[in-house]
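Contents: one structure, followed by commentary.
The values are calculated or read from the model by the stated rules, or taken from the named source; none is laboratory data. This structure is a prediction, so every number in the text was calculated from the model and none was measured. Cβ atoms come from the backbone with ideal geometry, glycine included; neighbour counts cover every protein chain shown. When the accessible area is computed, the model is the full protein with side chains, heavy atoms only, and any ligands, DNA or RNA have been set aside. Shrake-Rupley method; radii C 1.70, N 1.55, O 1.52, S 1.80 Å.
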Amino acid sequence: MFLCDMKLGNKGIVKKVKANDNIIKRLLDIGLIEGTLVECVLKSPFNDPKAYLIRGATIAIRDDDCKEIEVDLL
Amino acid sequence: MKVVALAGNPNVGKSTVFNILTGMHQHTGNWPGKTVDNANGIFKYKNINYNIYDLPGTYSLMAHSKEEEVARDFICFEEHDLVIVVCDAVCLERNLNLVLQILEITDKVIVCVNLLDEAKKKKISVNLKKLQEILGVPVVGTSARNKKGIDKLLNALESKKFNPIEVKYDDNLETAIANILPYLEGKTKNLNPRWVALNLLSYDEKLYNSLKDYLNFDIFTDEFIKNQLFNIKREIDLDIVNTITNSTVKKAEEIANKVVTFNNKDYNAKDRKIDKILTSKLFGIPIMLILLMVIFWITIKGANYPSDLLFKFFSWLEKYILNFLQLINTPWWFSEILVNGIYRVLTWVISVMLPPMAIFFPLFTLLEDSGFLPRIAFNLDKAFKKCCSCGKQALTMCMGFGCNAVGVSGARIIDSPRERLIAILTNVFVPCNGRFPTMITIITIFFVGINSNNIFLSIVILTLLILLGIFLTFLVSFLLSKTVLKGIPSSFTLELPPYRRPQFLKVLVRSIFNRTIFVLGRAIIVAIPAGAIIWLFANINIDGISLLNHVASFLDPFAKAIGLDGVILIAFILGFPANEIVVPIMLMAYMATGQIIEFSNLESLRQILVVNGWTLTTAICVLVFSLCHFPCSTTCLTIKKETGSLKWTLVSILLPTIIGIILCFIIKQLSIFF
């Protein structure tokens, strides 16, 4: 499953981080690497972006930016 | 004098620490990237002078954005004795990431774990002693908002125990570093050779050039080192940046696991509940609109009475000033300029501006401090994405409500240069505080009626006007993205910080002193010469008609075609230094006497306007034109500074003006049918 497909309340472990270079750098900054626990905690009124709980911080990410980040649902 | 750099993630209270240490009142906000420039201040502790620099808040030093570059370059290449890294106790793990990165560059680091009060509320405890043991540098705990722990932080400035932890990387990478280190011996000045080695391996062109300038020699001119590097890189064949980041993040996680205890796993449940409502499909957008209207309601309602009082006070005072001027025998033209020119423009600006600002700014600061603004960006991002721009533009628009110049420089929080430019060029479509009074006055006079207390209607009209501004922002952003600023939307990651209870008293003091006084001061400085010039304009007669009226009648045919008149147009042009003086100029021109009339209430104002041919169409066109015209001089200067380009500054002037003219023309033509 991909990060952007997570439903509200879903938790998962990041399996593979794939995105374009710019986005990857941003994601690495906030600590989104393989093995990271993520939880989908919020949806914006138009469903995109969604907010994820990543290492204690709530981070909004656009679907397009995380559509190739593989997650194993817990 | 010792130099201290203050680093940290965005939104961790870095600026609060800075303010307490320096006593300077620099504004801190609850969104990323508040510290736009390197603010610096001086303080003294135990007879040592410290010069402290507040670096932009960053998540890492990988320098993906302008701000990160500023922070990294300061830490790497500026002379400093110490770096204080401010961390958020609630979210320590991610903050440690930056700490580890900085420790790699320099040893002299003090870690300041801030927001301990917030952590306590959420039942999160941090073992500071253990953290200090692990990191090998001084660690102090603070809650800067309550001024707790600052003494410990000051104490730590004298610390001499710096023996920082080293992050170990992948074995191959470690071997590579070990192979390069000997060549760097003694050549890296204050920089940690290990860090230089790492960065040579991961090679970033920008950093490499800065490094070259700093070290005064080009490492790659040494063929031997160059070949070594090349061979090593080929041998280990791995994504070095990725490996480095992964190791740092994992190390941060490991440390956090050892020192942080969560006594309540569900510590952010309350924030989540609030967020669920504020960002819900059903309520998210309406709540934002209602909040906007409530703020206007409080502002308009609250400002009416003090405005009136100020008017009365100033006109009462005027008699005494005139008497006094007569008493000391000043020439008539001088007292005319002084009283009818400068004094009246000045008091108009104060009476009309001060009360709404003194109410609006604190309200806005409350919103800012509570953490609500990033949610607006979150809610609206999809719409911005559709326009190929960035959700953070919503934040710069919010800043624009206060002052467009602030909104323009605030656009630095947007990473992509293209999207940043769009945010800068469209910021003027958000009416700033200087334009609100004009809008509110005209709405009250022409739509609501002076005696009617139908304040709700005026708020609805004002909100519609702002919605028009927002619509234009989207439209223009979209058109720019499809034409001159072609591009696809870049990535968007935005932290939604925890809600914090704003400190009401501090908000009040801070917003009044920092913002209100600042903006009012600016308006006053502009109003004084403007008052004199306008008076001269209105009183120098050629063929019995004032210069102002000459110009006005020259502009009249064009102005009439777009629903305005020559006087209104010239008022907008002369109001270029500050939008606040548009209405006073209009009045001065309408009055044949060439001075702002004394007017005790809005009814007299209405009469002047109606006598001079104002209709409902005129009022609508004035409203629209005040929403869409060239930015004020301060904003233009800021745009020039931020874009560094005369061309884009011109675009920022022409774009809204042309749109304004087109809209007004359409309105005028349509009005003929009614």
Inset, instruction - With the checklist (1) crowded, with 18+ Cβ neighbours inside 10 Å; (2) over 40 Å from the mean Cα position of the chain (by Cα); (3) charged (D, E, K, R) in hand, flag the one item residue B:171 doesn't pass. - result: (1)
Inset, instruction - Could you grab me the full set of residues in the stretch B:242-264 that are open to solvent by 60 Å² or more (accessible area, probe 1.4 Å) and under 21 Å from residue B:59 (Cα atoms)? - result: B:250, B:253, B:254, B:257
Inset, instruction - Might you check whether a residue that is in contact with a helix residue (DSSP H, G or I) (Cβ under 6 Å, 6 or more places away or on another chain), within 14 Å of chain A (Cβ to nearest Cβ) and hydrophobic (A, V, I, L, M, F, W, C) occurs anywhere in the stretch B:344-365? - result: no
Inset, instruction - Determine whether the stretch B:372-383 contains at least one residue that is in contact with a helix residue (DSSP H, G or I) (Cβ under 6 Å, 6 or more places away or on another chain), more than 12 Å from every other protein chain (Cβ to nearest Cβ) and not β-branched (Val, Ile, Thr). - result: yes
Legend entry - Selection from the stretch A:41-67 of residues that are more than 7 Å from chain B (Cβ to nearest Cβ), open to solvent by 10 Å² or more (accessible area, probe 1.4 Å) and under 10 Å from the mean Cα position of the chain (by Cα): A:50, A:53, A:63, A:67
Inset, instruction - Would you mind telling me which numbered condition in (1) part of a helix (DSSP H, G or I); (2) over 30 Å from residue B:196 (Cβ atoms) residue B:67 fails? - result: (2)
Inset, instruction - Report the residue count in the stretch B:460-486 for those that are open to solvent by 30 Å² or more (accessible area, probe 1.4 Å) and not hydroxyl-bearing (Ser, Thr, Tyr). - result: 14
Legend entry - Sole residue being in a helix (DSSP H, G or I), under 21 Å from residue B:315 (Cβ atoms), modelled with pLDDT under 80 and not charged (D, E, K, R), chosen from B:511, B:604, B:600: B:604
Inset, instruction - Please specify each residue of the stretch B:414-432 satisfying the condition of being open to solvent by 10 Å² or more (accessible area, probe 1.4 Å) and either within 12 Å of chain A (Cβ to nearest Cβ) or over 17 Å from residue B:469 (Cβ atoms) (or both). - result: B:415, B:416, B:417, B:418, B:420, B:421
Inset, instruction - Considering only the stretch B:110-148, state which residues are more than 29 Å from the chain's Cα centre (by Cα), at positive phi and open to solvent by less than 30 Å² (accessible area, probe 1.4 Å). - result: B:136
Inset, instruction - Can you run down the residue pairs with Cβ atoms below 6 Å, 6 or more apart or on separate chains, where the first is in the stretch B:481-508 and within 14 Å of chain A (Cβ to nearest Cβ) and the partner is open to solvent by less than 30 Å² (accessible area, probe 1.4 Å) and β-branched (Val, Ile, Thr)? - result: B:491/A:23; B:493/A:59; B:493/A:61; B:495/A:59; B:496/A:58
Inset, instruction - Tell me, please, whether a residue that is at pLDDT 90 or above, on the phi < 0 side of the Ramachandran plot and either surrounded by fewer than 19 Cβ atoms within 10 Å (Cβ to Cβ) or not hydrophobic (A, V, I, L, M, F, W, C) (or both) can be found in the stretch B:54-76. - result: no
Inset, instruction - Answer yes or no: is there a residue in the stretch B:526-539 that is in contact (Cβ under 8 Å) with a residue 12 or more places away in the chain and within 20 Å of the chain's Cα centre (by Cα). - result: no
Legend entry - Of residues in the stretch B:257-285 being among the β-branched types (Val, Ile, Thr) and within 14 Å of residue B:90 (Cα to Cα), the one nearest to the other protein chains (Cβ to nearest Cβ): B:260
Inset, instruction - Please verify whether the stretch B:246-263 includes one or more residues that are assigned to a helix (DSSP H, G or I) and more than 29 Å from residue A:15 (Cβ to Cβ). - result: no
Inset, instruction - Kindly check whether there is at least one residue in the stretch B:314-329 that is touching a residue at least 40 places away in the same chain (Cβ under 8 Å), open to solvent by 80 Å² or more (accessible area, probe 1.4 Å) and not in a helix (DSSP H, G or I). - result: no
Legend entry - Selection within the stretch B:176-197 - outside any loop (DSSP other than H, G, I, E, B) and either in contact (Cβ under 8 Å) with a residue 40 or more places away in the chain or surrounded by 15 or more Cβ atoms within 10 Å (Cβ to Cβ) (or both): B:176, B:177, B:179, B:180, B:183, B:184, B:193, B:194, B:195, B:196, B:197
Inset, instruction - Go through (1) facing another protein chain (nearest Cβ under 9 Å); (2) part of a helix (DSSP H, G or I); (3) at pLDDT 85 or above; (4) open to solvent by 40 Å² or more (accessible area, probe 1.4 Å) one by one and return the number of the condition residue B:289 breaks. - result: (1)
Inset, instruction - Please work out which one of (1) part of a strand (DSSP E or B); (2) more than 7 Å from chain B (Cβ to nearest Cβ); (3) without any contact (Cβ under 8 Å) to a residue 40 or more places away in the chain is the condition residue A:7 fails and give its number. - result: (1)
Inset, instruction - State yes or no: is residue A:2 facing chain B (nearest Cβ under 7 Å), open to solvent by 40 Å² or more (accessible area, probe 1.4 Å) and out of contact with any Phe, Trp or Tyr (no Cβ under 6 Å at 6 or more places or on another chain)? - result: no
Inset, instruction - Output the residue which, of all residues in the stretch A:15-40 that are assigned to a strand (DSSP E or B) and open to solvent by 10 Å² or more (accessible area, probe 1.4 Å), is farthest from the other protein chains (Cβ to nearest Cβ). - result: A:15
Legend entry - Residue within the stretch B:514-531 that is touching a Leu at 6+ places or on another chain (Cβ under 6 Å) and modelled with pLDDT of 85 or more present: no
Legend entry - Which numbered condition residue B:275 fails, given (1) modelled with pLDDT of 90 or more; (2) open to solvent by less than 30 Å² (accessible area, probe 1.4 Å); (3) within 26 Å of residue B:99 (Cα to Cα); (4) not hydrophobic (A, V, I, L, M, F, W, C): (3)
Legend entry - Flag if residue B:348 is part of a helix (DSSP H, G or I) and touching a residue at least 60 places away in the same chain (Cβ under 8 Å): yes
